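Contents: one structure, followed by commentary.
Derivation of every value follows stated rules applied to the coordinates shown; laboratory data play no part. From a predicted model like this one, the values you see are computed outputs, not experimental measurements. Glycine gets a Cβ as well: all are built from the backbone with ideal geometry, and neighbour counts include every protein chain shown.
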Amino acid sequence: MPKHHVTTTINADPVEFLCSSEQTLLDVLRDVLDLTGSKEGCASGDCGACSVILDGRLVCACLVLGVEVEGRKVETIEGMAQGDHLHPLQQKFLEHAALQCGVCTPGFLVAAKALLERKPDPTETEVRYWLAGNLCRCTGYDKIVRAVLDAAGEMRRS
Amino acid sequence: MDYRSPASVREALDLLAAHGGGAQVLAGGTDLLVKLRGGYVAPKVVVDVKAIPQLRGIGEDARGFRIGAATACAEIGEHAALAAAWPGVVEALQLIGSTQIQGRATLGGNLCNASPAADSVPAMIAAGATCEVAGPAGEREVPVESIVTGPGRISLAPGEFIVAFRLPTRRARSGDAYLRLIPRTEMDIAVVGAGVALALDEKGVCTHARVALGAVAPTPLLVAGAAAALIGTRVDDVAMAALAAAASAACKPIDDKRGTVAYRVKVAGVLARRAAHIALERAQAQ
């Protein structure tokens, strides 16, 4: 089966790649494009470690075929910091020690960014429900939730 | 495996006809990609129906709402008029999976995956929703409850697929509701699900009711006896008790790690009654 030639936009950059029908967007990001920030946890849409934003919607990259992103816009963790300047969410994750092993962190950051773009002033309950599809086995979630709320406050002030 | 993204219903039908059982319809992919990865299905071609305009978006006309079968649940949940008219249906579909899953999952997929525990299905059955089905012999419209025939099995003929769902215009003094029991607050599969839609006359007497249950039988159940317990009554405690008894009596559940047969039978009655209370309050508030 010939590979598909896909033209898309990733983190505002035009990108072209070749992929087979079976390859997921996560396979393409990590194995074809060397964008290894998105992690594979479960490969079944349960853990959220591969969260990316596809045309403004938060999705699991493991549940999207690579060929499906033809002509669309993908935002990944690699697009979050501007050079050496961390996104406020990244800075607050560091300040609150909202990560330990770090495997879930890119997914949490992308998911939290998608939340704050929709809802700049979420309640703690809203943060917890929005992030229910992101699993962390280290932190117990409290530090993550505090970091997101703190970042939301800082982003509203600035 | 090949991947095709037809731009029209006709083109999709041709692809499905050409590949027979070797073709698999792809909508949101939240079930299909897991099955592909696990080796549970091995189609020769995946037919992505999301580029077909009739399968996308939400419209409103004289008959009610039309929801494209491949519209993502997140998009449906943001439709204010639909949420106001059919809050039970919208609450049910918003219970499917996480934020990430909501960004992709579709009503067509939730129905055709044919899980007995699918959350959107009892709510749609209670609402009296129908499906527009495209196939080699043309289009037909069928009730949602006619689609699932068993776990993972559906009544669609080879080469057919669901184009859209129809929700009727909300009746005067009516309301709907869906409740699901899971042992935690999020991200789990229904132990029992109950959807109720009802309507009242000017005097508060119930003139119309539909009650549907999920996760308590091989297929979602439309429980006529539970609806009959409400119709003609003021939906008082006696009627509610009869509804709960009829709901429990209709269950044919399995024992599994999520719940025993006895537990599911009991909870089905409780949930149906609570959902009926919410639907009643919504009807009275209208």
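Observations, loosely collected:
- Contact order normalised by residue count of region B:2-168, Cα under 8 Å, 6+ apart, percent: 24 percent
- Value of Rg/Rh across region A:88-157 [Cα atoms, Kirkwood radius]: 0.91
- Relative to the longest principal axis of the Cα atoms of chain B, the long axis of helix B:237-250 makes an angle of roughly 40 degrees.
- Total formal charge among the other residues, if their Cβ is under 14 angstrom from that of B:ALA275, Lys/Arg +1 and Asp/Glu -1: +1
- Based on Cα contacts under 8 Å between residues 6+ apart, region B:140-279 shows a relative contact order of 23 percent.
- For region A:4-79, pairs of C-alpha atoms spaced more than 17 angstrom apart make up 33 percent of the total.
- Per principal axis, descending, Cα span of the protein assembly as shown in whole Å: 69, 54, 43
- Chain A: Cα Rg divided by the 2.2 N^0.38 Å rule of thumb: 1.03
- For chain B, built as a Gaussian network whose Cα springs stay under 10 Å, the top-fluctuating residue of B:ALA227, B:ALA164, B:ALA242: B:ALA242
- Taking θ as phi - 60° and the Karplus parameters 6.51, -1.76 and 1.60, the scalar couplings of region B:271-279 work out to 5, 4, 5, 5, 5, 5, 4, 5, 4 Hz in sequence order, x denoting glycine and proline.
- Solvent-free Debye scattering, log10 I(q)/I(0), computed from the Cα coordinates of region B:71-145 at q = 0.16, 0.21 Å⁻¹: -0.58, -0.95
- GNM flexibility winner over chain B from B:ARG273, B:ARG140, B:ARG104 (Cα, springs under 10 Å): B:ARG140
- Peptide packing for A:85-93, A:126-134 was compared via the average number of neighbouring C-beta atoms within 10 Å per residue; ordered from the highest value, the list is A:126-134, A:85-93.
- Under the Debye formula (equal points on every Cα, no solvent term), log10 I(q)/I(0) of chain B at q = 0.09, 0.10, 0.11, 0.12 Å⁻¹: -0.41, -0.51, -0.61, -0.72
- Using a Gaussian network model of chain A in which every pair of alpha carbons under 10 angstrom is joined by a spring, one finds that among A:LEU109, A:LEU33, A:LEU54 the greatest mean-square fluctuation is at A:LEU33.
- Averaging 1/r over each pair of different alpha-carbon atoms in region B:2-168 and inverting the result gives 15.8 Å, the Kirkwood hydrodynamic radius.
- Equivalent ellipsoid semi-axes, region B:136-286, via Cα gyration tensor eigenvalues times 5, rooted, Å: 26, 23, 13
- Taking all Cα pairs closer than 8 Å and separated by 6 or more residues, the relative contact order of region A:4-79 comes to 40 percent.
- Whole-number Å³ per residue for the convex hull built on Cα positions in region B:112-167: 69 Å³
- Counting only other chain Cβ atoms within 10 Å of each residue's Cβ, the peptide A:49-59 averages 4.
- In chain B, lysine pairs with alpha-carbon atoms under 26 angstrom apart (chain gap of 8 or more, or interchain): 5
- Restricting attention to chain A, lysine pairs at least eight places apart or on different chains and with alpha-carbon atoms under 22 angstrom apart total 12.
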